[in-house]
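Bear in mind that the values in this text are calculations on the coordinates, not laboratory data. Model, not experiment: these values are computed from the prediction. For neighbour counting, all protein chains shown are included, and Cβ atoms are generated from backbone atoms with ideal geometry for every residue, glycine included.
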Ligand code: HEC
């Protein structure tokens, strides 16, 4: 499914470094060990099968339209998706199979994450 291509970059462990060669059965299970560290702290791309697994399709649509999250999630793009696309995405995630484990928990800025993590440069002063 084309529309999840860019989501895999972050929400699928190892996707970008392997040139996208991760089997579909492992898609959207979360960023795994990889954290995204910046002024906001360290975020981990959640396992979207867990997220969608705990919601009805209607709840998913509302959640996606109202989502505001920390970087680097492009939540403002997801907010703009057509309802039909969000419903298709929900069905797609559901069909991927076993939900797996939740991603690692967010760490506040004063906590140093275990590697690997991507360090964002501080904003220019
Ligand atoms: C550049 C990396 C990146 C990309 C690309 C990305 N995400 Fe995310 N996403 C994240 C991170 C990191 C979080 C967690 C942010 C936080 O902890 O506040 C997140 C959070 C989410 C959440 C909230 C999940 C929850 O359980 O709270 C949803 C839903 C989501 N992303 C969907 C998507 C979809 C759909 C796409 C593709 C259209 C996508 N994301 C693309 C990094 C990304």
Query raised in the report: In what sequence do 69, 31, 64, 6 fall when counting other Cβ within 10 Å, fewest first?
Result: 6, 69, 64, 31
Query - For the stretch 2-108, alpha-carbon Rg over 2.2 N^0.38 Å - result: 1.02
Query raised in the report: Fewest first, what order do 81, 27 take by the number of other Cβ atoms within 10 Å?
Result: 81, 27
Query raised in the report: How far, in degrees from 0 to 90, does helix 83-95 lean away from the longest principal axis of the Cα atoms of the chain, to the nearest 10?
Result: 90 degrees
**Report entry** Between 0 and 90°, nearest 10: helix 57-66 axis offset from the chain longest Cα axis
**Finding:** 40 degrees
Query raised in the report: Hey, what number do you get for the chain at 222 nm if only DSSP H runs of n ≥ 4 count, each worth -39500 (n - 2.57), divided across all residues, to the nearest 500?
Result: -8500 deg cm²/dmol
Query raised in the report: How big is the antiparallel share of DSSP beta bridges in the chain, given as a percent to the nearest 5?
Result: 50 percent
